[in-house]
1. What residue, among those in the stretch 27-45 that are of a type outside the set (A, V, I, L, M, F, W, C) and either in contact (Cβ under 8 Å) with a residue 60 or more places away in the chain or assigned to a strand (DSSP E or B) (or both), is nearest to the ligand (Cβ to nearest atom)?
2. For the stretch 84-122, which residues satisfy the criterion of being within 10 Å of the ligand (Cβ to nearest atom), buried (at least 19 other Cβ atoms within 10 Å of the Cβ) and in a helix (DSSP H, G or I)?
3. Confirm whether Ser186 is modelled with pLDDT of 90 or more, of a type in the set (Ser, Thr, Tyr) and surrounded by fewer than 18 Cβ atoms within 10 Å (Cβ to Cβ).
4. Restricting to the stretch 46-83, give me the number of residues that are within 16 Å of the ligand (Cβ to nearest atom), outside any helix (DSSP H, G or I) and under 23 Å from Ile128 (Cα atoms).
5. Scan Phe115, Phe139, Phe169 and give me the residue that is under 17 Å from the mean Cα position of the chain (by Cα) and more than 30 Å from Asn237 (Cβ to Cβ).
6. Quick check on Ile128: is it under 20 Å from His211 (Cβ atoms), surrounded by fewer than 21 Cβ atoms within 10 Å (Cβ to Cβ) and away from the ligand (no atom under 13 Å from the Cβ)?
7. Touching a Leu at 6+ places or on another chain (Cβ under 9 Å), of a type in the set (A, V, I, L, M, F, W, C) and either modelled with pLDDT of 95 or more or in a loop (DSSP other than H, G, I, E, B) (or both), is that true of Leu213?
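The values are calculated or read from the model by the stated rules, or taken from the named source; none is laboratory data. The structure presented is a predicted model; accordingly, all values stated were derived computationally and were not measured. Neighbour counts are summed over all protein chains in view; Cβ atoms, including those assigned to glycine, are modelled from backbone coordinates with ideal geometry.
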Amino acid sequence: MKDSQINPYEHSDIKVKLLRLYLEKYINILALAKGVHTVEVYDLFCGEGIYNNGKEGSPVIILRLIKEIYYKSRKNSEVIFNCNFNDYNQEKTIKLSNYIAQKKLHYPEMGSLKFFNEDYQVIKDRIIQQTNIKGVKRFVFIDPYGYKNISVGHIENLLSDRNTEVLLFLPTQFMYRFEKKSTPESLYNFLIEVMPEEEKSMSSSGVDFIHKLRDGFGDKLKGKHYVDSFIITRNVNEFFALFFFTSHLYGFEKFLEAKWSIDEEEGRGWSPKFEEVDLFSNIGVEARTDKFEEKLITFLSQLRSNIELHHFTIENRHLTTHAVQILKKIQNSNNLIVNNVDNSKPRKGAFYIGWNEVKTNMIKCYFKYENNGTIKY
Ligand SMILES: C[S@@+](CC[C@H](N)C(=O)[O-])C[C@H]1O[C@@H](n2cnc3c(N)ncnc32)[C@H](O)[C@@H]1O
């Protein structure tokens, strides 16, 4: 067995850190969301939860978070969280269950706690076959050692109830290496689902390869689901990737917030501090938004509502805080026209692109970029 399979290294810490950051946002919202009574959480390759070096794995991270949020919000919430932990190796789930009991991580009032020892292929079909029950939301974490089991088709089926979010971790460094050399059949089958034939052998770097995978997923699921990636670097040219899938713009926004909080500069990924190559250093950095600014200005060459602007920002994998910064800059140089729909005088710096306006689809104003526009306020 490889060492990385026994002790999670730094890259695994980042994996669970992103899982936690995202889930924290997601669960906090669901705990208070109208109409939601149950959240089903699935960790389909859960492992043993605690490693020899004392590091805690995904199921324990998930449970600690659920416990914290459940007890914090229960005065205002009746949502329960059902945890479903699966690993085909029974020894691992026994160890996990003992650890959970020993650390008192679960109380029945929080929701159910179930362990399964199924093969992924079996358990994922069972989840897919479950009927969509009103008020139930699902989160599925898929963290295999390899990619052999995984198919975009499964992900699409899991998402088809439009109430499910999926976080998938893939050891893309092996895939990238294979892609460069001869491709084994299992990888070929995976790639053929997502990448056009001509692109399969053309990635110039691991990052490029992961972005191509992300865009391939995105094209396959276009119009139905949102997809994003987060790249975790272990060594120079050794990349892992988390892929996130959701049917909801809001879920997508929460994932973007989680990943931008780890990589404040590019919202792209994480790497250890290499001596020579420091791809994603993020100490005291500002978000790099130049490319987004260009796109946004082009987008604003036509009148756009606050709601359209919000969608555009999130679909371009940026945060509304980035859009606000850019809008302020354009406004300060008098290049932004703002028309409030109620004909009131626009307030400087008020753009209404937050979730409050978006969730009620409240069109408050229209924007347009005009280089040195004459209409000012
Ligand atoms: C990468 S580890 C999971 C690590 C875990 N998510 C964590 O954060 O600690 C993958 C786990 O999946 C299990 N596994 C491998 N293939 C499987 C399959 N086909 N079905 C179910 N479990 C599988 C292994 O026993 C192993 O514990």
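1. Asp43
2. Lys92, Thr93, Leu96, listed by residue number.
3. no
4. Count: 3.
5. Only one candidate passes the filter, namely Phe139.
6. So Ile128 fails the test.
7. Taking the combined requirement at face value, the residue does not satisfy it.
Table: residues versus (1) more than 23 Å from Arg268 (Cα to Cα); (2) not aliphatic (A, V, I, L, M).
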{"site": "His318", "(1), (2)": "no, yes"}
{"site": "Phe351", "(1), (2)": "yes, yes"}
{"site": "Ile363", "(1), (2)": "yes, no"}
{"site": "Tyr366", "(1), (2)": "yes, yes"}
{"site": "Tyr369", "(1), (2)": "yes, yes"}
